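Worksheet for the structure shown next.
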Amino acid sequence: MQKQQKKYKIAVIPGDGTGPEVVEEGLKVLKAVSSKCSFEYETTNYDFGGDRYLKTKEVLPENALAELATFDAIYLGAIGHPDVKPGILEKGILLTTRFGLEQYINLRPVKLYDKRFCPLKDKEPKDVDFVVVRENTEGLYKGMGEFKDKGTDKEVATQISYNTRRGVERCIRYAFEYTRKRNKKKTLTLCGKTNVLTFAFDLWERTFNEVAKDYSDIKTDYAHVDATCMWMVKNPEWFDVIVTDNMFGDIITDLGAMVQGGMGIAAGGNINPEGVSMFEPIGGSAPKYTGKNVINPLAAICALSMLLNELGEAQAAELVENSVINVAQNKLKSLGAGRMGYSTTEVGDLVVDHL
Ligand code: IPM
Ligand code: MN
């Protein structure tokens, strides 16, 4: 019997700044790998982002989430525009999509592809290879809190970290499953702050210890978030998988991005294991490099590799990642924008050639 050919439906949101440039390269790679691995796909473009907002005063059209929910995956460039007040697009597009589509995991691999790209002395690719599983719908990102007496000298501003047993548990379970599937050091580290945040991380720690009972093959560890930052720099080789809340995950993954060689290479997936997931380079819109053909597209291409994995095209995902590794190791002078020795489009072509 012939294998039933599925045609993947992919929503593309190029977004702001350098987003469109890097997404273009990712799509070039998608085209090449799809013919090599013989799968079919179709893309639908969405113009969500700063320019659309400035024209229409609307961040997301009403039916946007319902429409996005009908795709097999979403490929995102970047959100953030210098002429729009910080927070409007980030909350209105990125966080709304993460929350609305229940993409409750933010998966961020931290992997060094070449010793030259690591700012840490004496660390090599074998030392920097871990994954952060960041909770993606709760915590401080929930938007709970208030001002009291705003603008007066008695002003109080609160911002609440909102953690549900259900939200924490599904994130932790995903992290255990992921650690098992990854099958490397089989070690899951909970990153928290149990010595100060004695409500939120008490829930996290209790849940972690309970869920751990279902995974006797996985070693567990705990580190406070400040210590996690220290170890990420001093002994990144200790980590296999780290699970943490939304805010801490946001912070430690920027540190992770630097340890793996910078924003030019760091990718992430906003994952709903039962629904539609969205993949993005984590570097942002980089306004100062926009339109110059100098931004590094490898992070977006790594995001594409993650997207292919989530679709179940593991072989295509691996081909893409290996091509990125090859190009990074053998061609690029640096991973930084304007310092690669090649333009954005040339780097995309190099990846396609290697495929
Ligand atoms: C990220 C970004 C976002 C976040 C911003 C743009 C809202 O920093 O994806 O890490 O804080 O989650
Ligand atoms: Mn961030």
Which listed residue, of Lys126, Lys184, is assigned to a loop (DSSP other than H, G, I, E, B), of a type in the set (D, E, K, R), touching a residue at least 60 places away in the same chain (Cβ under 8 Å) and closer than 30 Å to Asn235 by Cβ: Lys126
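Pick from segment 100-137 the residues that are out of contact with any strand residue (DSSP E or B) (no Cβ under 8 Å at 6 or more places or on another chain) and within 25 Å of Gly192 (Cα to Cα): which of them is nearest to ligand 2 (Cβ to nearest atom)?
Initial filter on segment 100-137 (out of contact with any strand residue (DSSP E or B) (no Cβ under 8 Å at 6 or more places or on another chain)): 100, 102, 113-124, 126-127, 137.
Those still in the list that are within 25 Å of Gly192 (Cα to Cα) too: 102, 120, 127, 137.
Numbers: Glu102: 20, Leu120: 21, Asp127: 23, Thr137: 15 Å.
Filtering first and then ranking leaves Thr137.
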Qualifying positions in segment 37-51 - on the phi < 0 side of the Ramachandran plot and not in a helix (DSSP H, G or I): Cys37, Phe39, Glu40, Tyr41, Glu42, Thr43, Thr44, Asn45, Tyr46, Asp47, Phe48
Just name the residue that is nearest to Val347 (Cα to Cα) out of those in segment 4-36 that are at pLDDT 95 or above and part of a loop (DSSP other than H, G, I, E, B). Thr18
Checking Glu321 against (1) over 21 Å from Cys118 (Cβ atoms); (2) outside any loop (DSSP other than H, G, I, E, B); (3) more than 16 Å from ligand 1 (Cβ to nearest atom); (4) charged (D, E, K, R): exactly one of these is not met. Which one? (1)
Checking the conditions here, which among Ile265, Ile301, Ile282, Ile252 is under 20 Å from Ile93 (Cβ atoms) and surrounded by 18 or more Cβ atoms within 10 Å (Cβ to Cβ)? Ile282
Do we find that Gly348 is part of a helix (DSSP H, G or I), assigned by TED's automatic domain parsing to the domain that holds Tyr174 and either buried (at least 21 other Cβ atoms within 10 Å of the Cβ) or at pLDDT below 95 (or both) in this structure? no
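Name the residue, out of Gly151, Gly92, that is more than 16 Å from ligand 2 (Cβ to nearest atom), surrounded by fewer than 21 Cβ atoms within 10 Å (Cβ to Cβ) and in a helix (DSSP H, G or I). Before the answer, list the steps.
Values: Gly151 fails: in a helix (DSSP H, G or I).
Result: Gly92 is the single residue among Gly151, Gly92 that is more than 16 Å from ligand 2 (Cβ to nearest atom), surrounded by fewer than 21 Cβ atoms within 10 Å (Cβ to Cβ) and in a helix (DSSP H, G or I).
For every residue, the table says whether it meets (1) away from ligand 1 (no atom under 16 Å from the Cβ); (2) aromatic (Phe, Trp, Tyr); (3) under 14 Å from the mean Cα position of the chain (by Cα).
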| residue | (1), (2), (3) |
| --- | --- |
| Gly249 | no, no, yes |
| Gly256 | no, no, yes |
| Gly261 | yes, no, no |
| Gly264 | no, no, yes |
| Pro273 | yes, no, no |
| Phe279 | no, yes, yes |
| Gly283 | no, no, yes |
| Ala286 | no, no, no |
Residue within segment 224-237 that is part of a loop (DSSP other than H, G, I, E, B), within 28 Å of Ile74 (Cβ to Cβ) and more than 15 Å from ligand 1 (Cβ to nearest atom) present: no
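The values are calculated or read from the model by the stated rules, or taken from the named source; none is laboratory data. These numbers come from a predicted model, not from an experiment. Cβ atoms come from the backbone with ideal geometry, glycine included; neighbour counts cover every protein chain shown.
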